[in-house]
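We did not get these values from a lab; they are worked out from the coordinates using the rules stated. Quick caveat: nothing in here was measured; it's all calculated off a predicted structure. Methodologically, a virtual Cβ is constructed for each residue, glycine included, from the backbone with ideal geometry; neighbour enumeration extends over all protein chains shown.
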Amino acid sequence: MRNDVHMGHKARKRFGQNFLNDPYIIDGIVSAINPLPGQNLVEIGPGLGALTEPVGREVDKMTVIELDRDLAERLRHHPELAKKLTIHEGDAMRFDFTQLVQEGNKLRIFGNLPYNISTPLMFHLFEFHKDVQDMHFMLQKEVVKRLAAGPGTKAYGRLTVMAQYFCKVVPVLEVPPTAFVPPPKVDSAVVRLVPYETLPHPTTNMKWLDRVVREGFNQRRKTVRNCYKGLLEAEQLEEFGINPTMRPENLTLEQFVKMANWLDANHEA
Ligand code: SAM
């Protein structure tokens with residue numbers, strides 16, 4: 001039997017389609033989301049409705065964004081869901097989430113994300129952090145490790161620092177390939193991202209923060225002093241509590257922000 005046909009739909013690789021098919025895992029994810037009536041729930045990539053159906057049962061209405069035309073069409077005719085759903089057929093990476101915000105009702109975004117675009121999609125979503133209450137995503141386990149990593153570890157990188165700049169990161173659940181049709185080649189995990197109401201380490205200039213973080217992780221083997229040569233002197237680094245001979249991958253979020261804010265005040269971008 002083909003293992004890429006589920007409920008009469010042939011999974012499309014280019015859309016990262018791996019459909020959840022394990023009731024225990026689905027229950028675990030829905031409990032973690034804990035949807036309640038009146039909340040502003042938004043699902044990215046509802047697919048064949050594995051999460052949409054149980055979440056939809058708890059609420060009167062919700063929003064979904066689906067790129068696959070056939071799947072969006074199926075949802076329009078879904079016997080239970082059709083009347084509850086507002087369906088946006090299109091690319092979540094280009095979607096302006098501010099259009100979904102209602103006064104006093106921030107977005108609760110969730111999805112079993114297409115793994116091929118999960119990282120750029122999260123960067124896109126961070127732009128809307130002020131309008132988001134929380135996000136629950138199924139991702140590759142490696143990506144969840146990166147989101148939750150601490151300085152000095154292999155998994156610590158640009159995604160870690162930028163995610164932790166905006167959000168509290170809470171790994172929720174590990175998921176084996178057998179929970180999906182077709183099974184992905186990698187292990188998966190669910191993570192909760194909760195944007196801070198007040199950023200713990202705000203930057204005065206996101207462009208500088210983006211630059212110091214990118215440069216730091218593009219040159220992991222260099223010392224901090226060499227990595228930021230021409231931008232920050234050793235004495236300046238020491239004032240921030242940074243040893244100039246350490247590697248950028250040992251810098252904390254707070255230290256990256258200190259460098260960015262000093263550069264914002266003292267350098268042309
Ligand atoms: N939620 C379903 C489940 O758990 O069984 C499907 C998950 S599947 C991993 C990813 C879903 O995202 C598919 O339905 C796919 O068509 C959709 N998708 C892929 N790229 C997308 C994009 N750029 N914007 C919105 N949806 C997308």
Before anything else, pin down the relative contact order of the chain: Cα pairs under 8 Å, at least 6 apart, normalised by residue count, whole percent. 16 percent
Anything over 27 Å Cα to Cα? Flag those among Lys145/Lys185; Lys106/Lys168; Lys141/Lys207, in the order listed. Lys141/Lys207
Provide, for q = 0.10, 0.11, 0.12, 0.24 Å⁻¹, the log10 of I(q)/I(0) from a solvent-free Debye sum over equal Cα point scatterers in the stretch 94-199. -0.28, -0.34, -0.41, -1.37
When the charge dipole of the chain is computed with +1 on Lys and Arg Cβ and -1 on Asp and Glu Cβ about the Cα centre, the Cα farthest towards its positive end, among Tyr228, Val59, Phe240, belongs to Tyr228
Value of relative contact order over the stretch 27-167, rounded to a whole percent, pairs C-alpha under 8 Å and six or more apart: 21 percent
Kindly state, to the nearest 0.05, the FRET efficiency for Gln133 paired with Ser31, given R0 = 25 Å and r defined as their beta-carbon distance. 0.90
What does the stretch 58-109 give for Rg and for Dmax, in Å, if only its C-alpha atoms count? 11.8, 34
Candidates Pro171, Pro202, Pro79; GNM for the chain (alpha-carbon contacts under 10 Å) flags as most fluctuating Pro79
Percent antiparallel among DSSP beta bridges confined to the chain, nearest 5, equals 50 percent
Mind listing which chymotrypsin sites (Phe, Trp or Tyr not before Pro) in the stretch 1-85 are in a DSSP loop and have 10 or fewer other Cβ atoms within 10 Å? none
With the stretch 202-269 reduced to its Cα atoms and the Debye formula applied, log10 I(q)/I(0) at q = 0.12, 0.17, 0.19, 0.29 1/Å amounts to -0.24, -0.49, -0.63, -1.56
Protection proxy (average C-beta count within 10 Å per residue), highest first, orders 37-44, 98-105 as 37-44, 98-105
Tell me, what is a quarter of the convex hull surface for the C-alpha atoms of the stretch 148-233, in nm² with one decimal? 7.9 nm²
Looking at the calculated P(r) for the stretch 1-149, what percent of the C-alpha pair distances fall above 25 Å? 24 percent
Find how many whole Å separate the alpha carbon centroid of the stretch 36-72 from the alpha carbon centroid of the stretch 174-251. 32 Å
Over 35 Å [Cα-Cα, the chain], rounded percent: 25 percent
Relative contact order in percent for the stretch 1-108 (Cα pairs under 8 Å, 6+ apart) equals 24 percent
At 222 nm, what value in deg cm²/dmol follows for the chain if DSSP H runs of at least 4 each add -39500 (n - 2.57) and the sum is divided by all its residues, to the nearest 500? -9500 deg cm²/dmol
Quick one: Karplus J couplings for the stretch 218-235, per residue in order, coefficients 6.51, -1.76, 1.60, θ = phi - 60°, nearest Hz, x for Gly and Pro? 7, 10, 4, 7, 6, 7, 4, 4, 6, 4, 10, 3, x, 10, 10, 7, 4, 4
Using only C-alpha positions, report the orientation-averaged shadow area of the convex hull of the stretch 114-269, nm², one decimal. 9.8 nm²
Calculated log₁₀ intensity ratio I(q)/I(0) where the Debye formula runs over C-alpha points of the stretch 133-172, q = 0.26, 0.29, 0.32 Å⁻¹: -0.90, -1.08, -1.24
Residue span Glu268 to Thr153: 0.36 nm per residue of separation minus Cα-Cα distance leaves a gain in nm of 38.2 nm
